Amino acid sequence: MSICKLIFFASLVYLSSGAEKDVLELGDDDFSSVVEEHETVLVMFYAPWCGHCKKLKPEYAKAAGIIKDDDVPVVLAKVDCTEAGKETCNKFSVSGYPTLKIFRGGKLSSEYNGPREAVGIVKYMKAQVGPSSKDLNKDSEFEDFISKDDVAIIGFFEKESDLKGAFITTAEALREKYRFGHTSNKKLLSKHGQEDAVVLYRPKHLHNKFEPNSVKYEGEPSKSEIEKFIQKNSNGLVGHRSRDNMNDFKPPFVVAYYNVDYVKNVKGTNYWRNRILKVAKDFADSFTFAVSSKDDFQHELNEYGHDYVKGDKPIVFARNAKNQKFAMGDEFSVEAFETFLKKLKSGELEPYLKSEPIPEDNDGPVTVAVGKNFDDVVTNNGKDTLIEFYAPWCGHCKKLTPIYDDLGEKMKDEDVAIVKMDATANDVPEPYDVRGFPTLYWAPKNDKKSPVKYDSGRELDDFIKYIAKHSTSELKGYDRKGKAKKSEL
């Protein structure tokens with residue numbers, strides 16, 4: 001092995017052990033005593049063989065290092081539920097992996113429901129300790145507070161007021177998502193020209209010439225109104241959409257995907273963002289805009305038929321108010337982007353639909369639905385419909401296949417359609433909600449807008465009994481209880 005390779009592998013070992021050393025490894029013998037020693041402890045209960053645990057561990061270790069360096073009174077620990085921590089995991093009713101729980105003063109405080117990435121974990125846990133709003137008494141404290149990489153909301157209060165009360169209440173409610181600070185320092189109040197005000201400061205790396213770097217709240221002293229103000233303004237004209245905050249962006253929105261990296265390449269990231277901002281400012285009333293890392297959102301690119309994105313230029317995808325998908329086909333330029341938005345706003349564009357080809361022969365007992373024929377074979381087929389959304393690799397789906405085929409044969413002379421769709425190769429339309437495989441829905445012929453999720457048994461008799469009971473008209477071959485009718489001689 002070459003010296004370069006030895007150095008490389010040695011570096012990997014060092015980095016791995018260096019990261020892991022900040023996470024306490026606890027077991028049945030020392031769990032209680034160690035947790036009691038610390039004010040706040042986040043514990044990851046895991047199994048070594050668990051894939052999700054393996055994915056979380058490096059992020060968890062990175063978070064532990066950040067928290068340690070920031071001198072936050074929070075400790076991150078982990079417990080192996082398959083070996084040294086079996087009794088502890090049973091005590092705290094751990095039934096899946098990884099499970100994360102927050103302990104205070106040695107006692108279970110709450111479940112951890114925050115992000116699973118290092119930065120998100122740190123932000124969430126920082127919000128668990130100390131006051132919901134930090135008291136800023138010095139100019140240096142103020143400048144340090146607004147220089148971080150995320151939004152800061154600061155209250156300026158010369159004296160007690162209704163606005164201050166609403167601000168503190170808002171900070172308590174949103175402390176896990178945003179950073180709040182306040183000041184009554186007369187020098188700071190005078191310097192910033194505020195006496196009784198709430199101001200939102202955007203992070204410096206997102207500052208640009210197309211929008212102000214801070215926004216003052218002008219509404220009533222109301223918690224709900226301050227919350228709306230923060231949610232509306234926190235991401236700015238073109239937000240940095242990450243896996244941590246992706247739920248903040250609701251349709252209609254437009255997202256540009258490229259090599260977004262605000263750690264290693266701020267200048268390069270903002271080079272493209274500024275071009276997007278230049279156009280977005282004229283469409284802010286119609287769409288929410290964002291930039292996202294194409295590596296972090298490869299699954300979304302796949303939804304638009306992109307397995308790999310070449311080059312440095314952004315590719316642009318959008319969703320309208322109906323959640324329909326649209327793709328900008330032209331190579332990115334300011335002019336092409338503006339044209340795309342104009343057509344998107346005016347409704348001139350055809351929605352993008354992920355779909356397999358329509359089957360040439362679709363006369364079997366089980367009808368095949370794809371994106372392009374879904375309306376024909378399900379929505380507008382004029383029949384009660386049972387539809388299975390499956391994945392080709394799914395073991396449960398494979399087990400269901402022969403039963404489902406038999407069901408199709410049983411229903412071929414009925415006013416009932418038995419349909420299946422590969423949900424990994426085709427867009428699943430609303431209102432169908434598919435989060436696992438197989439997922440089945442019953443769609444009555446007179447109410448296709450309100451399909452019902454099928455949660456009954458998956459044997460042939462179970463399906464027949466369900467369909468016989470729920471069919472719009474009584475089946476020809478079965479009574480309402482699912483019993484076969486006797487054939488007339």
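What the table below lists for this structure:
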read-out: Single match in F463, F389, F374 (criterion: over 25 Å from N302 (Cβ atoms) and at pLDDT 95 or above); value: F463
read-out: Neighbours by Cβ (under 7 Å, 6+ apart or cross-chain): first from segment 191-208, farther than 20 Å from F156 by Cβ; second part of a loop (DSSP other than H, G, I, E, B) and open to solvent by 60 Å² or more (accessible area, probe 1.4 Å); value: H205/D149; H207/N213
read-out: Restricting segment 359-410 to residues that are polar (S, T, N, Q), assigned to a helix (DSSP H, G or I) and open to solvent by 30 Å² or more (accessible area, probe 1.4 Å), the residue that is farthest from P431 (Cα to Cα); value: T401
read-out: Any hit, segment 273-293, residues being under 21 Å from P203 (Cβ atoms) and loosely packed, with under 13 Cβ neighbours inside 10 Å; value: no
read-out: Any pair with Cβ under 8 angstrom, 6 or more apart, that starts in segment 342-370 at a residue that is farther than 17 Å from P251 by Cα and among the hydrophobic types (A, V, I, L, M, F, W, C) and ends at one that is assigned to a loop (DSSP other than H, G, I, E, B) and open to solvent by 70 Å² or more (accessible area, probe 1.4 Å); value: V370/P357; V370/I358
read-out: Residue check for D455: assigned to a loop (DSSP other than H, G, I, E, B) and touching a Leu at 6+ places or on another chain (Cβ under 8 Å); value: no
read-out: Matching option when the condition is outside any loop (DSSP other than H, G, I, E, B) and within 21 Å of the chain's Cα centre (by Cα), among G120, G155; value: G120
read-out: Selection status of L163, surrounded by fewer than 18 Cβ atoms within 10 Å (Cβ to Cβ), at negative phi and in a helix (DSSP H, G or I); value: no
read-out: Residues satisfying the stated conditions in segment 124-140, i.e. open to solvent by 60 Å² or more (accessible area, probe 1.4 Å), touching a residue at least 40 places away in the same chain (Cβ under 8 Å) and either closer than 25 Å to E36 by Cα or part of a helix (DSSP H, G or I) (or both); value: K126, D139
read-out: Number of the condition not met by E350 [criteria: (1) in contact with a Gly (Cβ under 8 Å, 6 or more places away or on another chain); (2) open to solvent by 70 Å² or more (accessible area, probe 1.4 Å)]; value: (1)
read-out: Test: residue in segment 171-180 that is more than 27 Å from N113 (Cα to Cα), open to solvent by less than 20 Å² (accessible area, probe 1.4 Å) and touching a residue at least 12 places away in the same chain (Cβ under 8 Å); value: no
read-out: Qualifying residue in segment 467-477 (condition: β-branched (V, I, T), under 27 Å from L353 (Cβ atoms) and either open to solvent by less than 30 Å² (accessible area, probe 1.4 Å) or in a loop (DSSP other than H, G, I, E, B) (or both)); value: no
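The values are calculated or read from the model by the stated rules, or taken from the named source; none is laboratory data. Here the structure is a predicted model, which means the values were calculated and not measured. Quick reminder, even Gly has a Cβ in these numbers, built from the backbone with ideal geometry, and neighbours come from all protein chains shown. What goes into the accessible areas is simple: the full protein's heavy atoms, side chains included, and nothing from ligands, DNA or RNA. Shrake-Rupley method; radii C 1.70, N 1.55, O 1.52, S 1.80 Å.
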